[in-house]
Amino acid sequence: MARACVCALLSAVVACGESAPVSNAPTGGTLVIAQPVESEPLIPPVMQQVQSKVVADQIFDPLAAISPSLDGRDDRTFAPRLSDGWSWSDDSLRIAFHIDADARWHDGAPVRAEDVRFTWELYTDTLVASPHASRLAEIDSVTVQAPDSAVFWFSRRYPGEFYDAVHHMLILPSHLLASADRATIRQNPFGRAPVGSGRFRFTRWLDGQLIEVSADTSNYRGRPPLDRVIFSITPQNVAAAARAFTGEVDLAEQLTPATLGELPKHPEFTLVRYPGFDYVFVRFNLRDPRDRNRPHPLFADRALRRALTMAVDRTTIVRATFDSLAAPSVGPMTRAQRMADTSVTQIAYDADAARQLLDSLGWRDADGDGVREREGRPLRFSVLVPNVSGSRMRTAVPIQEALRLVGVRMDIEAIEPQAWMQRTYSGRFDASFDAAHTEPNVNGLEQNWGSAKGSDGNGDDFNFGRYSSASFDAELDSALAARDDVARRELLERAYQTVVDDAPAIWVYEVIGSFIVHRRFQRPAMRPDAWWTSIADWSIPADERIPRDRLAPAADAP
């Protein structure tokens with residue numbers, strides 16, 4: 001770890017491996033992004049959707065930002081944001097962050113160390129029940145050393161100290177939220193009209209239509225070249241590409257093979273590919289949905305979960321559904337992660353072996369109706385699928401058919417996203433077609449699949465199916481503590497193998513990162529795990545801008 005990184009903002013940004021904000025780009029113009037779902041209230045400690053993070057990252061800043069290299073082990077690879085410098089104690093148990101004197105909230109108030117302390121307190125308060133709290137578990141406290149100096153105190157030394165201090169929290173204004181009722185923070189009006197310190201400021205929110213942010217022209221890190229960014233709600237994947245090709249939006253994600261086939265007809269758009277950090281899976285609930293203190297009557301059985309995984313030909317399904325836009329998943333990781341282990345032995349597709357295993361477990365079709373039973377109980381369950389996710393729906397159907405062929409009835413329950421979130425997050429499901437956005441660091445593996453934290457169901461992690469394995473926990477804890485890459489990889493290999501063998505989910509596919517965007521946008525290098533973090537440096541040549549009257553722009557927009 002570097003012991004200090006205290007320097008002027010501009011030189012620090014360049015030295016720490018990230019390009020400085022564009023200073024000579026032409027200003028003006030609008031970027032319209034097709035957003036697949038309505039955002040949650042923009043209160044970062046309680047947000048759980050990636051789509052909400054895309055918007056929030058334009059409005060709020062962290063203390064420092066990881067570089068496109070995604071190397072989180074060394075603080076020298078991080079670029080200053082609200083903190084323009086930091087220093088370590090000799091024992092590496094404290095980091096003091098100096099707050100940029102020019103940083104301001106969008107209402108004009110200065111950003112202070114108290115805002116940092118308050119933010120950490122909000123993220124870790126049990127009343128708030130932040131799903132991100134477990135990521136901050138090793139930070140013992142945050143104190144205010146001076147109005148411009150916040151000190152992070154750690155319970156122990158470990159390789160991810162700096163990463164944990166800066167990567168998981170977007171700093172919030174204490175002067176606006178200190179009096180908020182933390183038990184009901186999700187309903188606070190701030191979430192619908194947030195005040196941040198980022199290079200864009202919140203402008204407006206039209207329910208079911210759009211969220212708009214506009215350039216903060218006096219921002220401490222420089223005015224963004226774009227005048228505004230509009231996140232236009234576009235629920236259906238195919239509609240998003242169609243809206244792009246008809247000129248309604250400039251950028252669309254979640255592409256389909258049909259989009260790729262149509263793209264050559266629209267040379268004004270370019271396809272951007274990048275390493276994927278999202279994996280999609282059918283999560284089994286290992287606890288009874290009606291009583292979380294009891295095991296699930298089906299999925300508490302490891303052998304049954306393995307048999308269901310065996311029955312699904314994931315390679316064929318993914319290839320037929322996505323063409324080159326996804327790859328079969330290798331577990332709770334993506335191939336783009338620095339410490340991913342693609343050599344993990346998978347539960348191979350073998351329908352005959354799945355039938356034999358189900359037979360041996362006592363599940364047999366005694367009445368000839370095509371569905372196995374045991375002790376009078378049919379081998380039948382439902383899977384929740386968000387009805388706006390065309391890709392998951394298209395994948396769920398062939399999985400349903402594959403299970404039918406081995407005598408298992410899987411009912412697809414397509415529900416609207418908010419209901420899907422509520423039921424999945426509260427554990428009221430048999431199985432749920434879920435997705436995870438992974439981090440550059442492997443700490444997220446603990447939050448999503450570790451049983452050491454949040455196993456009581458209080459909402460402070462993402463392990464909604466309550467998978468629990470002492471072996472996995474121990475192997476992952478040892479890996480996270482290892483300072484040597486060779487040792488860490490060996491320990492992670494064991495942890496990955498354990499969770500894949502235990503089959504708490506059917507690991508279906510990982511997304512190959514891609515979006516289409518209009519060629520008039522000039523874009524700098526982007527972080528592969530979060531392409532949207534560079535939007536504040538995008539620009540449009542003056543002679544290539546087009547009017548945006550179809551989206552009813554604000555009256556004062558150029």
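Observations on the model:
- Residue list for segment 141-182, restricted to those being outside any loop (DSSP other than H, G, I, E, B), of a type in the set (A, V, I, L, M, F, W, C) and either over 24 Å from the mean Cα position of the chain (by Cα) or within 17 Å of Arg112 (Cα to Cα) (or both): Val142, Val144, Ala146, Ala150, Val151, Phe152, Trp153, Phe154, Ala165, Val166, Leu176, Leu177
- One residue stands out in segment 148-157 among those that are in contact with a His (Cβ under 9 Å, 6 or more places away or on another chain) and not hydrophobic (A, V, I, L, M, F, W, C): the one that is least open to solvent (accessible area, probe 1.4 Å), namely Ser149.
- Within segment 48-77, the set of residues being within 24 Å of Ser174 (Cα to Cα) and either at pLDDT below 95 or small (Gly, Ala, Ser) (or both) comprises Gln48, Gln49, Ser52, Ala56, Ala64, Ala65.
- Scanning segment 272-280 for residues that are closer than 30 Å to Gly407 by Cβ, of a type in the set (Val, Ile, Thr) and under 22 Å from the mean Cα position of the chain (by Cα) turns up at least one hit.
- The residue that is modelled with the lowest pLDDT, counting only those in segment 239-274 that are of a type in the set (Val, Ile, Thr) and over 13 Å from Gln35 (Cβ atoms), is Thr256.
- Restricting attention to segment 194-210, the residues that are polar (S, T, N, Q), open to solvent by 40 Å² or more (accessible area, probe 1.4 Å) and in contact (Cβ under 8 Å) with a residue 40 or more places away in the chain add up to 1.
- Index of the failed condition, Arg76 passing every other in (1) open to solvent by 20 Å² or more (accessible area, probe 1.4 Å); (2) assigned to a helix (DSSP H, G or I); (3) within 30 Å of Ala183 (Cα to Cα); (4) not hydroxyl-bearing (Ser, Thr, Tyr): (3)
- Tally of residues being among the acidic types (Asp, Glu), at pLDDT 95 or above and in contact with a helix residue (DSSP H, G or I) (Cβ under 8 Å, 6 or more places away or on another chain) across segment 299-351: 2
- Test for Ser214: is it in a loop (DSSP other than H, G, I, E, B), of a type in the set (Gly, Ala, Ser) and over 21 Å from the mean Cα position of the chain (by Cα): no
- Selection of segment 373-420 for residues being among the small types (Gly, Ala, Ser), closer than 24 Å to Ser52 by Cα and not in a strand (DSSP E or B) yields Ser389, Gly390, Ser391, Ala419.
- On the stretch given as segment 121-147, residues that are closer than 24 Å to Ser87 by Cα and either modelled with pLDDT under 95 or surrounded by fewer than 17 Cβ atoms within 10 Å (Cβ to Cβ) (or both) total 12.
- Residue, modelled with the lowest pLDDT, within segment 420-459, restricted to residues that are acidic (Asp, Glu) and crowded, with 23+ Cβ neighbours inside 10 Å: Glu446
- Some residue of segment 328-349 being touching a Leu at 6+ places or on another chain (Cβ under 9 Å), more than 30 Å from Gly450 (Cβ to Cβ) and either open to solvent by 20 Å² or more (accessible area, probe 1.4 Å) or among the hydroxyl-bearing types (Ser, Thr, Tyr) (or both): no
- Candidate set from segment 264-280 (those that are over 29 Å from Trp507 (Cβ atoms) and not in a loop (DSSP other than H, G, I, E, B)); member that is least open to solvent (accessible area, probe 1.4 Å): Phe269
- Residue list for segment 83-99, restricted to those being open to solvent by less than 10 Å² (accessible area, probe 1.4 Å) and either small (Gly, Ala, Ser) or touching a Phe, Trp or Tyr at 6+ places or on another chain (Cβ under 8 Å) (or both): Ser83, Gly85, Trp86, Ser92, Ile95, Phe97
- Scanning segment 521-545 for residues that are within 22 Å of Thr217 (Cβ to Cβ) and part of a loop (DSSP other than H, G, I, E, B) gives Phe521, Arg523, Pro524, Trp538, Ile540, Pro541, Arg545.
- So Leu31, is it open to solvent by less than 10 Å² (accessible area, probe 1.4 Å), part of a loop (DSSP other than H, G, I, E, B) and under 30 Å from Trp538 (Cβ atoms): no
- Selection from segment 478-500 of residues that are of a type outside the set (Lys, Arg), under 18 Å from Pro332 (Cβ atoms) and either open to solvent by less than 50 Å² (accessible area, probe 1.4 Å) or part of a strand (DSSP E or B) (or both): Ala479, Leu480, Leu491, Leu492, Ala495, Tyr496, Gln497, Thr498, Val499, Val500
- Hits in segment 211-239 (condition: open to solvent by 10 Å² or more (accessible area, probe 1.4 Å) and among the hydrophobic types (A, V, I, L, M, F, W, C)): Ala215, Ile233, Val238, Ala239
- Thr124 vs. criteria closer than 19 Å to Phe60 by Cα, without any contact (Cβ under 8 Å) to a residue 60 or more places away in the chain and polar (S, T, N, Q): yes
The values are calculated or read from the model by the stated rules, or taken from the named source; none is laboratory data. Computed from a predicted structure; not experimentally measured. Don't worry about glycine lacking a Cβ; one is built from the backbone with ideal geometry, like all the others, and counts go over all protein chains shown. Areas reflect the complete protein model, heavy atoms only, side chains present, ligands, DNA and RNA absent. Shrake-Rupley method; radii C 1.70, N 1.55, O 1.52, S 1.80 Å.
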